[in-house]
Each structure stands twice: as structure tokens, then as C-alpha cells.
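To start, the structure under review is shown below, and the notes come after it.
The values are calculated or read from the model by the stated rules, or taken from the named source; none is laboratory data. None of these values were measured; they are calculated from a predicted model. In this analysis, Cβ positions are derived from the backbone assuming ideal geometry, glycine residues included, and neighbour counts consider all displayed protein chains. Quick note on the areas: whole protein, heavy atoms, side chains included, nothing else; ligands and nucleic acids left out. Shrake-Rupley method; radii C 1.70, N 1.55, O 1.52, S 1.80 Å.
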Amino acid sequence: MSEDSSAVEVGQPRWHQVMTELSSAIAAGSFAPGERLPTEAELAERFKVNRLTVRQALAELARAGTIKTVHGRGSFVAELPYRFRLRATTPSIVAQMRGTSTVITQDLLRHAVVPRSDLPDPPALPDDELLRLDTLMSVDGEAWSRDTTWLSAKRFGGVPAVWTPQTSLTGLLLGAYGIVLRRSWRRHSAEPASPQDAAALGVPLGAPLLVLVGANTDPAGVPLSQVHRRSRGDRVEYVVDFDAEDQDV
């Protein structure tokens, strides 16, 4: 890493210049994945800035997923992320991921009967009382997404009793109820991680998340479920195959 900051963009705040040069050094291989960066004091001396400037630069690198800061130990270059491509035509996201060598778990964090007003917009279920399932999906022991699913409480109230970490909702409804889910609609957006997201997913506050909101029906078009998924942007990407035929979810 060069001490000459002439390569950074003139006019940028000093923390941004420090962040840019550190990011460039990491991308060039000056620091290997998992390697500890110099201390704040060492970086402040190297860049001729105060430690608050260095701290802000490191915080932004952590927010971007370039480094990980461990309290009391320092900042480390993040391991190269494993990203997974989720395709719109996949019968089940969990089934698709379990088709690889990864270990997928879906832990049921909590469940409750809630009113229809609990649904995100636009509400897709007609029932007045809904079963809400809050789950956490992990891949090889690392949290990837926070999911909330709503179902008819009257029709599917027994789901929590048969849920296991190896459960996929698609497989559970097919096996326990003989129901095949079909995608009705999906909406994708991006949002910064909230404090709850950061705590559950192990990402910095404000880190980019991919947000999916959607609804599913049975083959006859009867609404069955609504889902709200918040996935780590450094682990998941969605792919839409426009030439592919619509398939069952």
C-alpha cells in the first residue's frame, strides 16, 4: 500500500480518500482475505490523518463488506463471499440451494396468530386471522436471510408443530397438506440493514439487503401465503430468465 495519496480523487473528504486507498490495496492483494489490517494508530500515521478519520474509513469499508471489525482485536480483510444465484423459475429456493454441497437450515424463531393488518402492502390473503412465521435461513452456519411468512391460521395452524430446521415451507405444505405452491407475484427492492437485521444477519448497520415481498397460490389460484424476505446483498442475487416458462414454486 502506497503512502502517496495522489492516486485518490482530489476534493474527496480525507476519510473517503483513506477508504479508497485501503480498498484499492485490498483489491490489489496487498492484504489477503482474513489478514489483519494495521491498527488505527498505524493507519493514521501512514495517511497523516487523525484516528477519527481512519475510524470512519474503516466503518465504511465494514459497511461495504470489504473488512470485518472485531472488537478488541482489530479490522480484518473479509473472506471472499460465496454468492448464490436464485432463479425465478426455481420450484423452491431452499430446494435449489440444497442441490449444492451447502448445508441449509431454516430456524423457526417465533410464531403467532396475527390480524390481517399485519400483512405488508399489498395484502394478498383474505383471512382475518393469520399465522405468522418468523424464520432465519442459514447457509453452512452463516445467517443469510430473515423471512416472515403469513398463512391462514384456520387452515395451517398446525405448521409450527411439524416445523424443523430442515423444513422448507414448500416441501412442508406438499408433504403435510398435499398442496403445491405457485408464485402469484414478486416485488424486489433494496434497503439498508436495520438494527434488527444487523443483529440477526451479522452485517453492519446500513449494509445493503435485497428485499423480496410476494404471494403464493395453489394451482387453482386460491391465495395461500405471503412472504417478506430480507437477504444479505453480499450473499444472494436474483436472476430473472425471461425466456423460461413459468413453473410451480
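Label separation (residue 45 vs residue 116): 6.8 nm, computed from points 7 Å beyond Cα along the C-beta direction. The phi-based Karplus calculation (6.51 cos²θ - 1.76 cosθ + 1.60; θ = phi - 60°) puts the 3J(HN,Hα) values of segment 52-59 at 5, 5, 4, 4, 5, 4, 5, 4 Hz, whole numbers, x for Gly and Pro.
Against the criterion of solvent-accessible heavy-atom surface with a 1.4 angstrom probe, 48, 68 sort, most first, into 48, 68.
Less than 5 angstrom separates the built amide H of residue 184 from those of 215, 216, 217, all sequence-distant by 5 or more or on a different chain. Accessible area per residue (1.4 Å probe, heavy atoms of protein chains only) ranks 75, 117 as 117, 75, with the largest value leading.
Using equal-weight Cα scatterers in the Debye expression, the normalised intensity of segment 152-222 in log10 at q = 0.16, 0.19, 0.22 Å⁻¹ is -0.80, -0.93, -0.99. Local charge for residue 112 was computed over the other residues whose Cβ lies under 12 Å away, with Lys and Arg +1 and Asp and Glu -1, and equals -1. Computed with a 1.4 Å probe over protein heavy atoms only, the accessible surface of segment 92-201 comes to 50 Å² per residue.
Residues whose amide H comes within less than 5 Å of that of residue 207, counting only those at least five positions distant or on another chain, are 193 (H built at 1.01 Å from N in the peptide plane). Spin-label model, residue 30 to residue 142: label points 7 Å out along the Cα-to-beta-carbon direction sit 2.5 nm apart.
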